[in-house]
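The values are calculated or read from the model by the stated rules, or taken from the named source; none is laboratory data. Everything numeric here is computed off the predicted structure, so don't read it as measured data. Because the Cβ atoms are built from the backbone with ideal geometry, glycine has one as well, and the counts that use them run over all protein chains shown.
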Amino acid sequence: MRKKITIILIFLIVFGAENFAERRYVSKTGTSTPPYTSWETAADSIMKAMSLSIQGDTIIVGEGVFTEIVRFNRGVTLIGMGWDNTILKLIPDSSDAVILKDQCEIKNLKVEGNGVMTYTEGIFADRNPDENLNVWINNVKVSNFFVGISLQGFYNLLTDTNYISNCIVDSCMVGINTSLNNVVIRNNFVTTSEIALNMRIGSFCTVYDNVFVSVPYISALFRTIKGDFGNPGKIYNNIIMSKYKTNIDIDRSGAMIGPDTIKNNLLIGNFGIAIRTNGTSDYRDVFNNHISGGGYYGFYGNAPLRFNNFWNNGKHYKTDNGSVVDSISNKIHFPMFVNEEKDYHLQAYSPLIDAGDTLVKDKDGTRSDIGLYGGPYGTTYPYLDLAPLEPRGITATVTGDTTQLNWKRNHESDFKHYLIYGDTTQGFNADSTHLIGTTTDTTFTKIIPGFSGSYYISFKSEDNQGNISDASEEIRIVPVGIKGEGHEVSMDYRLFQNYPNPFNPGTVIDFRLKEEGRVQLTVYTLTGEKIKVLRDESLTSGYYESYFNGEGLSSGIYLYKLNVISPSGLPVYTDIKKMILVK
């Protein structure tokens, strides 16, 4: 009998928490009657419900803004009604909005701060040296803190299991800051001014399927991912990006890391150094990455550097100790993304296909691809056979009857040649009946002996499979008006449609100047409210590109306007176009 009673007691101790767990509610419309176990009796503050909750309990928070410090009890789950519906607001002059304890989970809500100028943390958790800390942060949006999410603790030999997944962290100085033993960071979108992910000493992180972006909120002193000397982390299949458009010094890096494995990441944007490694390590390995945007270097440090692709860097790589980098497995190729601005899947005939580590397989069992979607944790998708980019950046010089046109070179691996079309009719159809030449070069010379009308030229690109791009802008060649004096190219003022369009969050706006002038390029709302001045400067004639970042703006239609004033102070050109931001 005694043995039977003992067994029953053990059963109740082990399983009692789950069997007797409560679900409590928080709402702006409830009667706030304890124990808050229905919407009708819901608490009017989160901490009222938390004060009665124990391990295993769940708190459901309804719609509304709740301005309070939320201090969790151990083992409690807090669930909101969505980012737009349930908002936890930081109390002014407080340092933390949410404080987690062991075995706690928070999900499906927004945590809103008061800005990045004072030290505040959106979600905070820590532990003592002899304690575990296991928390789950899922589907939470954290905005306007100095640090968005901070998980801290002294290094110990205990096993932590912490997850940060499906979250958005934006408008913070530091996005995710951790020193815990084991943190899984998956499928998050983090945009910060300085450090999107800070892995401090002792931290062992598994980081995959995230987007980490450095954007110029208030600072240009950024390292998108920073890792100290500590336990080796794994960083794979992430986008690591800088949205800075000014000149960046050498200390601004995409990934400044310790003894970590970095594979199948995409580094793109504007860095001083795209990947910077510290010291030496038996654990470090850098492979299968697309590394671009390093104004000084794509890679700088000491590591096994193999099977990576480098593009658009000042210098592609340099080692601290002068060791030779494998120039056979590491490539230097135009990557051939589906869309250079927003879709980083590889096109058919991309040189990055089956170019990764020979011992690593993609999900379909073939040799791994270099880049974001390659490797065993990537995705299987069809390689699209797309047309090459249309010729861009066309400029012209004229000498008498001879016109020489130049443009930017295409870099697709399957590129064949350029097609040149011409006619005396403006807006002509650039088809085979108007073909006047082909070339593999980026220059074309046209001799047009004396004629009285205008002549129009446009260009297309063709690849080896016969795919042909859209036509370029149309160039007009006109007589100078004096017999025997030849012709000139009418490179009219023009404001082009932004690309990509629709966009999220960034887009390129390009324009052409016929002559020197003061250029004002401005973005407005549909009601004419000024959002940002992209350019206000004197420029010579030619082709220009400007970048607009719509971060912080809501989805909708926006206007951009080009205004050109001549050196004598006269307005010579104005145009307005629409663009669509979709989030």
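Overview of values
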{"quantity": "Residue ID - surrounded by the fewest Cβ atoms within 10 Å (Cβ to Cβ), chosen from residues in region 20-36 that are under 40 Å from the mean Cα position of the chain (by Cα) and closer than 14 Å to M50 by Cβ", "calculated": "R23"}
{"quantity": "Region 342-359, residues that are at pLDDT 95 or above, more than 18 Å from the chain's Cα centre (by Cα) and aliphatic (A, V, I, L, M)", "calculated": "A348, L352, I353, A355"}
{"quantity": "Looking only at region 550-583, and only at residues there that are touching a strand residue (DSSP E or B) at 6+ places or on another chain (Cβ under 8 Å) and of a type in the set (G, A, S), the one that is surrounded by the fewest Cβ atoms within 10 Å (Cβ to Cβ)", "calculated": "S554"}
{"quantity": "Extreme residue, surrounded by the most Cβ atoms within 10 Å (Cβ to Cβ), among residues of region 519-540 that are farther than 23 Å from G552 by Cα and not polar (S, T, N, Q)", "calculated": "V519"}
{"quantity": "Region 301-341 - residue that is assigned to a loop (DSSP other than H, G, I, E, B), among the charged types (D, E, K, R) and over 18 Å from the mean Cα position of the chain (by Cα) and, of those, surrounded by the fewest Cβ atoms within 10 Å (Cβ to Cβ)", "calculated": "D326"}
{"quantity": "Matching residues in region 57-88 - criterion: being touching a Gly at 6+ places or on another chain (Cβ under 9 Å) and crowded, with 17+ Cβ neighbours inside 10 Å", "calculated": "D57, I60, V61, G62, G75, V76, T77, G80, T86, I87, L88"}
{"quantity": "Pick from region 400-433, criterion touching a Gly at 6+ places or on another chain (Cβ under 7 Å) and either outside any loop (DSSP other than H, G, I, E, B) or not hydrophobic (A, V, I, L, M, F, W, C) (or both), ranking: farthest from F444 (Cα to Cα)", "calculated": "T424"}
{"quantity": "Enumerated strands (runs of 3 or more DSSP E) restricted to region 482-550, each holding at least 2 residues that are at pLDDT 85 or above", "calculated": "506-513, 517-525, 530-539, 542-549"}
{"quantity": "Candidate set: region 351-386, residues that are among the charged types (D, E, K, R) and exposed (fewer than 14 other Cβ atoms within 10 Å of the Cβ); chosen: the one nearest to Y208 (Cα to Cα)", "calculated": "D364"}
{"quantity": "Y25 vs. criteria on the phi > 0 side of the Ramachandran plot and at pLDDT 95 or above", "calculated": "no"}
{"quantity": "Residue under evaluation F145, criteria (1) in contact with a Cys (Cβ under 6 Å, 6 or more places away or on another chain); (2) of a type in the set (F, W, Y); (3) part of a strand (DSSP E or B), criterion not met", "calculated": "(3)"}
{"quantity": "Region 209-235, subset surrounded by fewer than 24 Cβ atoms within 10 Å (Cβ to Cβ) and of a type in the set (S, T, Y), residue modelled with the lowest pLDDT", "calculated": "S219"}
{"quantity": "Test set (1) at pLDDT 85 or above; (2) outside the structural domain of Q404 (by TED's automatic domain parsing); (3) of a type in the set (A, V, I, L, M, F, W, C) - L570 fails condition number", "calculated": "(1)"}
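Yes/no matrix, rows are residues, columns are (1) over 34 Å from the mean Cα position of the chain (by Cα); (2) buried (at least 19 other Cβ atoms within 10 Å of the Cβ):
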site	(1), (2)
H411	no, no
F415	no, yes
Y418	no, yes
S432	yes, no
I436	yes, no
T442	no, no
T445	yes, no
Y455	yes, yes
